[in-house]
Amino acid sequence: MKILLPTDGSEYSDAAVNFLKRLDVSPQDEITILHVISDDPFQDSEDYYYPRIREIKKSVAPRILDSATNILKPLPAKISTVLVNGYPDRCIVDTAVALNPDIIVMGQKRLKGIESHIVGSITKSVSISSPKPVLVIKPFKSETPDRIKILFTTDGSDYAKKAGETLTLLPFHDNTEITILHVITPAFYDIPEKFMEKIDSSLRNDFKRYCSGELKESQKLIAQTADYLKNKFSNINTLTTLGDPSDEILYTANELKSDMIVVGSKGMGGFRGVVESLSRFILSVAHCSVLIGKKEAS
């Protein structure tokens, strides 16, 4: 597997670097460490201090690359480094296009002054514009270093399938635990139950039959998903829930103490009333790492 690992030397980037140490990488795997000497769009290039700032950034850049390289040295994977100049988000995406990695693995920098898990603009920009899958690393909860708990959300769309393909490429250890989640969004999920009780009995019976059909379709979808994941993972659980997809995904991840949520780049496209930004919403508020699959992934 080819991995692009952007780093700025921060604790957030180090979390992504250390995540790779939790994988079962082989000599066939390739990790490219990328550092961008950032341009500040608000910095006046004619200002006296501008070249001084650039000089400092250039002198520090090799140390940042060396720091990440040293952490990864024990791994058997092929490790290389790339140093570029420009706007970080744009350079990360451009490098991904040029090198054609299977995935981008990066840390999440929180917005300063905000006590939350809202990710910073660079991470969000890359997750939106990258043609490659993006795995954003947040603090892991598993006490066992090589045991990772993954919540794989699916709606059967091509985006979810591509996310699954990316997941099977990552060199996880054998004891990795996968929970496949499908959320059924009822046709009248936005109508309180107390009002549904007052509708005509024949309509209510039709609705029950409809829900029964939805449950059968969900079970079929989950079985299909488990079928292609079992070639890679032996520890697979399945779960169907009812409600709003974003709420159910976040609640389930919290209940299971998941280390990672996997979601397609267009969100759960088959769900009613769900906008395409679901994956971005999950990325912003989830307390665990998030893998965003991309339909264009190779």
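Numbers at a glance
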read-out: Subset of region 156-171 [in a loop (DSSP other than H, G, I, E, B) and modelled with pLDDT of 90 or more]; value: L170, P171
read-out: Search result, residues across region 218-239 that are of a type in the set (G, A, S), in a helix (DSSP H, G or I) and more than 20 Å from the chain's Cα centre (by Cα); value: S218, A223
read-out: Residue count for region 60-108, restricted to those that are small (G, A, S) and surrounded by fewer than 21 Cβ atoms within 10 Å (Cβ to Cβ); value: 6
read-out: Conditions (1) modelled with pLDDT of 85 or more; (2) open to solvent by 70 Å² or more (accessible area, probe 1.4 Å): number failed by Y49; value: (1)
read-out: Residues satisfying the stated conditions in region 229-251, i.e. open to solvent by less than 20 Å² (accessible area, probe 1.4 Å) and farther than 21 Å from L283 by Cβ; value: L229, F233
read-out: Breaking point among (1) surrounded by fewer than 14 Cβ atoms within 10 Å (Cβ to Cβ); (2) closer than 24 Å to D102 by Cα; (3) modelled with pLDDT under 85, for R147; value: (1)
read-out: Failed criterion for D174 (all others in (1) open to solvent by less than 60 Å² (accessible area, probe 1.4 Å); (2) at pLDDT 90 or above; (3) in a loop (DSSP other than H, G, I, E, B) hold); value: (1)
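The values are calculated or read from the model by the stated rules, or taken from the named source; none is laboratory data. Values in this document were obtained by computation on a predicted structure and should not be read as measured data. A quick note on method: Cβ atoms are made from the backbone with ideal geometry, for glycine too, and the neighbour counts reach across all protein chains shown. Surface areas here come from the heavy atoms of the whole protein model, side chains and all, with no ligands, DNA or RNA. Shrake-Rupley method; radii C 1.70, N 1.55, O 1.52, S 1.80 Å.
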